Amino acid sequence: MPTSDGGEKQEARLPRIAAAILSALIPRAERDELLHDLASEFGERASQHGSLHAHLWCWRQIISSTPSLINRSWWRGRTGFEPRANAMQPGGPAMEQWIMDARHALRRLIRRPRYAMLAILTLALGIGGTAAIFGVARGIFFDPLPYTNAESIALFSSPFDWNQQEFTFLRGNTPGFSQIAQYTNHDVTLETGDGPARIMPGIAASSELFSVLGARPLRGRTFQSTDDVQGAEAVVVISYGLWQELGGSDAILQQRIRLGGIPTTVIGVMPRGFWFPSPTVRVWVPQQLNPTEHIGNFALVGRVAPGQSIETMQPAIAKLGAMLRERFTYTKRWDKTQNASVQSVREAIVAPLRPTLLATFVAMGMILLIACANVASLMLGQVEGRTTELAVRTALGATRARLTRQLIGEAVILGAIAGAVGAVFAGIVFRSLVASMPLGAWAETASLDWRVFAMAMIIAVGAALTISLAPTLALWRGRLREVIGAGRTQGVARRGVRLESMLVVAEVAIAVLMTSGAGLLVRSVQNLYAINPGVESRGVGVVDVVLPTDVDDDRRKVIVRNLIAGVRDVPGVKSAAVVQRLPLRGGGWNSGITIEGMPDLERSTTFTRIASPDYLATMGVAVKKGRIFEESDMAVSPTDSSGGVIVINEALAKKYFGTTDPIGRRMGTGFGPTLSTVIGVVGDVAEGNLTDAAAPARYMPYTRIPFMVSGQTIVFRVDEKQTPVALLPAVRAALIATDPRVAIQEATTMEQVLALAVGPARQILTLVALLTVLALLLGAIGIYGVMSHFVARRQRDWGIRIALGLSPVRVLSGVVGHSTSLVGVGIALGLIGFLVLARLLTSLIYGVGAADPLTIGASIAALLVTGVVAALLPALRASRTDPAVALREQ
């Protein structure tokens, strides 16, 4: 720039650091102009007041303007350009456009509260249920097991059938395994202070257990090789939870607690989260090994040798079987070498639960799909109603991409709000869901934490994006500019008709899967309850107890006699008895059988029930011949050398005696050389599982058996005016008053035992039935919405036809017929899918096939009725169309 003295004026510049800070703060669109103005002002002040004054001014401007500049960049983007409003004015950041489109979608939702609430609640039902199921299944299927290299730990087949002779033989010499351990259930009582004894779920195991699991204690130590030898000191490793109950102090180590009445030294505490073999176990004690013991009640667990995997263990298992056959002699029923196998710890845990969890998860997923289809149909209806608006906006320059972003934004907002509502819903129903599923001990692994809510949001966003596909596809396939002309004559826009019809068909197909599956479960439960278990479950209470272990067998028998007397004295109790193993609980005691006069009898075993005299009468077991026990049969005098008496069931009489009368015959008890006299034959009882075939069984008085195990079951029958549930508290109190050292493990009813024996189908039946009703309801809503849109599109058409003489009945039948045709297509597709997927229910159904005609017929009828009812209201509205009004509106 020329000056008066003929020189050039130097261009003013801001300090380098100040210029860099301002460049970072000022949006690009305004950066050059503002920096130039600031530099000019800086130069003027420097020339007039000096460099120091100019620098102070510059930094004062930077400090005071920084908040405003940051706020401006936040709201307008880093470029600073105005966001584009149409195709003729490009520019602006993509994120800023998304924000504006989201705000536009939110405003539209606020202006349509009924549509928004219906869409959110519909979607939240599916999201919440699916998230809750994830919370149940996560700990079982996905959480890591609390063991080192859990994939190398295997459980042997025939669990709780192995004996100590076999383990001693295999110990340290098991093909394919670096180490094995044995364990068995060993619930014990815990006595603290003057209160009644508490039951502590536990296991007794060999000293190798924690080494096989690769588990280290939080405090102290685990088992050593000397802990499981005969005569070793009683020691225990306790869980973290029990440690906290006992004070949570390190002083617990080397202290003694009374387990089963025996002072037991605490040697270790396991870390939080450790469990084996189930989360309910709280104590682990070493099993003092007896190499001559041949009673099979142990399970084997092992760690595969380095270089091996569970999948490649079959040759090693075959070698192990050959070793066992060479060393031991097995009967056909108890031959562990036949079909021997191993499976991973997780597979052993998951296998019994997989069908139930999978069926429930699939059901919840179907509800979510139906909800998504409904919301997508609602959005299609909204797009249909905005056809003219969208066409005008397109004519003014709005691109399909911009309109698509707004639709996706609306779906994502709906999904996000539905995810939050669904997370709350998941929290509300979570515990009810856990209680309604047959999880057993694994219910403790189900937890509701942040991951469940995160899963709810992930499902919500995924569902929202899926929902947005339908209206987006309709938007891109339509010719929006042509709609302006069609709108003047109320032309029929067919852009979303096919998509809506497809959504209805999909909803109906999914509902068919749900109703057919629920129908199979209903039929299965009916068939299971139709089985005669051989006992009268109504009016019978059941209390499982654990006796003190620090007393001998004779003393335990005295305690049992006193307990029975105490229960019998409770007002309302008609009779009471004790048995060492209750039927319908999956198995029982087995012992070898010998019959006098049959020396060539094949070596075999039968179920053995050791009970008190009133047991058979209390359980309502039918007497077929002879008599059952009496009090006189229980007495055992020092001079009595007889084997006492025995009662057999019909299956045993048929198998071993045929048509010969067994009364008066003598047979062995399986617990010594003496023979007992058969005094009666009773009906067959479901000794193991409800669906098992009738199996031979013997009933013997507990006084005639040389031992008395600590676990016993008290059963009592109530008067006709009482219920077992009402008397359970009084019975519990009577047992504690009789002997406070007796711990009560469970108090229930025989009807509940029978219900559990029916299996998981009964437990999830109510849940699946509720989900099926919900699926039908959502399906009806979807059909109603689509038929309403169908009627609205053709209102002018209906008016013209009625004006030309078409009867309202024909209009009504046409609309209902259209709905029925869509439902029919959905039913056909659903039945095909059901026949393909029905194998998922194989383990849950009984006595009914997947293609059961009654179930399929009921499912078809339910869907047809739902479709007709849902279409009736729109059909009635169409049949009442006033031609004059319809034509005048055009």
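The values are calculated or read from the model by the stated rules, or taken from the named source; none is laboratory data. Model, not experiment: these values are computed from the prediction. For neighbour counting, all protein chains shown are included, and Cβ atoms are generated from backbone atoms with ideal geometry for every residue, glycine included. Accessible surface areas use protein heavy atoms only, side chains included; no ligands, DNA or RNA. Shrake-Rupley method; radii C 1.70, N 1.55, O 1.52, S 1.80 Å.
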* What about Phe156, is it of a type outside the set (Ser, Thr, Tyr), open to solvent by 30 Å² or more (accessible area, probe 1.4 Å) and touching a Phe, Trp or Tyr at 6+ places or on another chain (Cβ under 9 Å)? -> no
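Is one or more of the residues making up the range 645-653 of a type outside the set (Val, Ile, Thr), free of Cβ contacts under 8 Å to residues at least 40 places away in the same chain and part of a helix (DSSP H, G or I)?
yes
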* Asked: What strands (runs of 3 or more DSSP E) completely inside the range 660-779 contain at least 1 residues that are within 30 Å of Ser524 (Cβ to Cβ)?
  -> 675-682, 697-701, 711-718, 743-749
* Asked: Restricting the first residue to the range 152-165 and requiring it to be over 12 Å from Ala348 (Cβ atoms), which pairs with a second residue that is among the charged types (D, E, K, R) and part of a loop (DSSP other than H, G, I, E, B) meet a Cβ separation below 9 Å and a spacing of at least six or different chains?
  -> Ser158/Lys336; Asp161/Lys336; Trp162/Lys336; Asn163/Glu293; Gln164/Glu293; Gln165/Glu293
* Asked: If a residue has to be within 20 Å of Thr766 (Cβ to Cβ), of a type outside the set (A, V, I, L, M) and either touching a Leu at 6+ places or on another chain (Cβ under 6 Å) or part of a loop (DSSP other than H, G, I, E, B) (or both) to count, how many in the range 518-557 make the cut?
  -> 1
* Residues within the range 241-275 that are open to solvent by 50 Å² or more (accessible area, probe 1.4 Å) and not in a loop (DSSP other than H, G, I, E, B), tallied -> 8
* Asked: Given Pro279, Pro352, which one is modelled with pLDDT under 80, within 30 Å of Ile199 (Cα to Cα), outside any strand (DSSP E or B) and open to solvent by 10 Å² or more (accessible area, probe 1.4 Å)?
  -> Pro352
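Within the range 796-807, can one find any residue that is closer than 20 Å to Glu507 by Cβ and assigned to a helix (DSSP H, G or I)?
no
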* Asked: Could you say whether any residue in the range 49-64 is at pLDDT 85 or above, among the aromatic types (Phe, Trp, Tyr) and either open to solvent by 60 Å² or more (accessible area, probe 1.4 Å) or under 30 Å from Thr399 (Cβ atoms) (or both)?
  -> yes
* To do: Kindly provide the set of residues from the range 282-308 that are in a strand (DSSP E or B) and out of contact with any Gly (no Cβ under 7 Å at 6 or more places or on another chain), ordered by number.
  => Pro286, Phe298, Ala299, Leu300, Val301, Gly302, Arg303
* Asked: Can Gly214 be described as crowded, with 16+ Cβ neighbours inside 10 Å and at pLDDT 90 or above?
  -> no
* Structure fact -> Matching residues in the range 569-616 (closer than 26 Å to Asp544 by Cα, in contact with a helix residue (DSSP H, G or I) (Cβ under 9 Å, 6 or more places away or on another chain) and assigned to a loop (DSSP other than H, G, I, E, B)) number 13
* Got a sec? Which of Arg219, Arg171, Arg198 is of a type outside the set (Ser, Thr, Tyr), open to solvent by 70 Å² or more (accessible area, probe 1.4 Å), touching a residue at least 12 places away in the same chain (Cβ under 8 Å) and within 17 Å of Gln287 (Cα to Cα)? -> Arg171
* Asked: If a residue has to be loosely packed, with under 15 Cβ neighbours inside 10 Å and either within 15 Å of Asn173 (Cβ to Cβ) or within 36 Å of the chain's Cα centre (by Cα) (or both) to count, how many in the range 319-333 make the cut?
  -> 5
